Amino acid sequence: MGDVAGKGFREVKPVDVVLREVLTFIKHTPNVTEVNLIDAVGRYLAEDVYSNVNVPPFNRSAVDGYAVRSIDTFGASPTNPSILRVKGYLPVGEEPGKYPVNQGEAVEIATGAPLPPGADAVVMYENTGRRGDYVEVYRPVAPMDNVSRMGEDVAEGELIFRRGTLIKPWDLGVLASMGVVKVKVYEPRVMLMVTGNELVEVEDTLKGGLPPGRVINSTRFVLTAMLRSIGCIVDYVKLPDDEEAIRDHVSKALINHDAVVTTGGASVGRADYTIRAVGGLKPEYLNHGLAIRPGKPNSVAVKDGKPIFMLSGFPVASLTGFEVLVKPILLHMMNAVDEPRPRIRGILTRRVATPINTRSFVRVRAYLGKDGKVYVEPLALTGSGVLTTLVKGNGILTVPENREGYDEGDEVEVELIRPLFTEQ
């Protein structure tokens, strides 16, 4: 086990080490549900998807023109065209058998229409000239020229989507073309437990305002939204700073949930109720604290193969904990990986000092200067609860463990979480 509550952060581990350790203890697979195709966007597939059909299901024209026997066009040129009799017009959706193509014949055809029997190529309009019931072909075509072959997009039996794939809007078109109506997706059920006697729900302040010394429970909304963004169903409970109550709720939540996320009570000292409560459950794995900034108190445990995340009660620190612990572990459970965010390089406007052997996540404001250069302005360098950095900033500068920061004027790489600002 990692450091036990009450003994302090003796030696916090790098987050990469903790992730490697904890994943060896994760034995649980999240809940799976079947959803209609239109509801699958933003969800992670819980099954490999193979095609039962060919797409397209037949050879079809890739252009507007004339379906022909390629052999009838050999040697065609503007001065010596091949002259073919036009039997009719074949639009999309028409039965192709009504116009079989024999020697010396052609069928006018629309893009996407099935190739008629006997034809093995299509001549584009641009390379033809119509003369009543006949067409002059000015350029030869080879077999299957301008034809989308059966199964060209998707072949029957082909693996199209792997388990763990994040479904995008355009994926629905592929799935629908394969005749898929429903898909199985992961739907992790997560219990979010927010602890803290000082917290007040925002709904409760509408009439009486915020009592002195109390704080609005804003972290609840941040974490709920982040969990939902990766397809989780979130149940919520607010608990007092009571070790026994926390232990009881975590134990019961693990029965019907795939993971538990708590906030508050993860620091060192008399207030680390959550750490003590989870430690009392005798988990297979427990690590208290990470070598990150902000969010050193963020911790993780595994009980009965399921993860228990103990995040800081401060919004920015808890969000960092979500990004480095909760998200990668839940995605791993869904056989998925995180999608990369856009990155940009810019010039640092002032020095950033960070502790050595600690991975620091510095919220920044990246903007395009009037001189056309990109600048990176650090925001709050300390204070894990400074909410305004979440909205004033548009990027995150990660300082690795082997550096003590960056100097003013250094070119740094920033991960963008909002569009690049423009200097006013």
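The values are calculated or read from the model by the stated rules, or taken from the named source; none is laboratory data. Since the model is a prediction, treat every value here as computed from it, not as a measurement. Ideal geometry is used to build each Cβ from the backbone, glycine not excepted, and the neighbour counts take in all protein chains shown. The accessibility values were calculated without ligands, DNA or RNA, using every heavy atom of the protein model including side chains. Shrake-Rupley method; radii C 1.70, N 1.55, O 1.52, S 1.80 Å.
Key figures
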item: Of the criteria (1) farther than 27 Å from L290 by Cα; (2) at pLDDT below 95, which one T349 fails; result: (2)
item: Total residues in the range 124-138, condition in contact with a Pro (Cβ under 8 Å, 6 or more places away or on another chain) and open to solvent by 50 Å² or more (accessible area, probe 1.4 Å); result: 1
item: Sole residue being small (G, A, S) and surrounded by 15 or more Cβ atoms within 10 Å (Cβ to Cβ), chosen from G231, G209; result: G231
item: Scope the range 79-92; condition open to solvent by 60 Å² or more (accessible area, probe 1.4 Å), touching a Gly at 6+ places or on another chain (Cβ under 9 Å) and either in a strand (DSSP E or B) or touching a residue at least 60 places away in the same chain (Cβ under 8 Å) (or both); matching residues; result: I83, R85
item: Breaking point among (1) at pLDDT 95 or above; (2) under 23 Å from M124 (Cβ atoms); (3) touching a Gly at 6+ places or on another chain (Cβ under 8 Å), for P56; result: (1)
item: The range 55-71 residues that are under 16 Å from A106 (Cβ atoms) and among the β-branched types (V, I, T), paired with ones that are part of a loop (DSSP other than H, G, I, E, B) and open to solvent by less than 30 Å² (accessible area, probe 1.4 Å) (beta carbon under 9 Å, 6 or more apart); result: V68/V101; V68/A119; V68/V141
item: N357 vs. criteria modelled with pLDDT of 90 or more, open to solvent by 60 Å² or more (accessible area, probe 1.4 Å), on the phi < 0 side of the Ramachandran plot and in a loop (DSSP other than H, G, I, E, B); result: no
item: Hits in the range 94-123 (condition: outside any loop (DSSP other than H, G, I, E, B) and open to solvent by 60 Å² or more (accessible area, probe 1.4 Å)); result: K98
item: Filtered residues of the range 43-78 (kept if open to solvent by 80 Å² or more (accessible area, probe 1.4 Å), more than 30 Å from I230 (Cβ to Cβ) and not in a loop (DSSP other than H, G, I, E, B)); result: I71
item: Lone unmet requirement of (1) touching a residue at least 40 places away in the same chain (Cβ under 8 Å); (2) crowded, with 16+ Cβ neighbours inside 10 Å; (3) not charged (D, E, K, R) for T224; result: (1)
